[in-house]
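Bear in mind that the values in this text are calculations on the coordinates, not laboratory data. Owing to the predicted nature of the structure, the values given are computational and were not obtained by experimental measurement. Cβ placement follows ideal geometry from the backbone for every residue including glycine, while neighbour counts extend to all protein chains displayed.
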Amino acid sequence: MQIIDKVKEVIAKQLRIDISEISDDSAVVEDLGADSLDIVEMLMTLEDEMNITIPDDATGLKTVKDIATFIENEAE
């Protein structure tokens with residue numbers, strides 16, 4: 001499974017939406033309706049599942065692709 005697919009899976013589960021509603025360019029807050037608690041929980045889940053650390057002050061993680069790219073860079 002590619003990282004972006006895992007990110008979509010986590011987002012869909014957290015927001016209780018169908019994964020088909022999520023595109024690579026979906027903005028997590030604006031397009032998918034996540035609130036700050038949703039974002040914190042999603043990032044914590046991704047940290048656990050991907051064995052990485054996402055800093056609390058991580059900026060620029062607005063879209064699904066932004067999050068996947070960040071994780072890919074951390075995993076290298």
> With labels modelled as points extended 7 Å from the Cα through the Cβ direction, what inter-label distance (nm, one decimal) is found for Glu9 paired with Asp24?
Replying inline: 1.9 nm
> In sequence order, what are the phi-derived ³J(HN,Hα) couplings for the range 17-29 according to the Karplus relation 6.51 cos²θ - 1.76 cosθ + 1.60 with θ = phi - 60°, rounded to whole Hz, with x for glycine and proline?
Replying inline: 10, 6, 4, 5, 7, 9, 10, 4, 9, 5, 7, 4, 7
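How much length is gained if the chain between Asn73 and Leu37 is pulled fully straight, taking 0.36 nm per residue apart and subtracting their Cα-Cα distance, in nm to one decimal?
Working: separation 36, 0.36 × 36 = 12.96 nm, distance 2.44 nm.
Difference between extended and current length: 10.5 nm.
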> Ranked from highest to lowest mean number of other Cβ atoms within 10 Å per residue, what is the order of the peptides 9-21, 61-73?
Replying inline: 61-73, 9-21
>> Could you work out [θ]222 nm for the chain from helices alone, using -39500 (n - 2.57) per DSSP H run of at least four and dividing by all its residues? Round to the nearest 500 deg cm²/dmol.
In response: -17000 deg cm²/dmol
> Once the Cα atoms of helix 64-75 and of the chain are each reduced to a long axis, what angle between those two axes, in degrees from 0 to 90 to the nearest 10, is obtained?
Replying inline: 20 degrees
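With the Cα gyration tensor of the chain in hand, give its eigenvalues times 5 under a square root as the equivalent ellipsoid semi-axes, listed largest first in whole angstrom. Can you show the working numbers first?
Details: eigenvalues 59, 36, 27 Å².
Its equivalent ellipsoid spans semi-axes of 17, 13, 12 Å.
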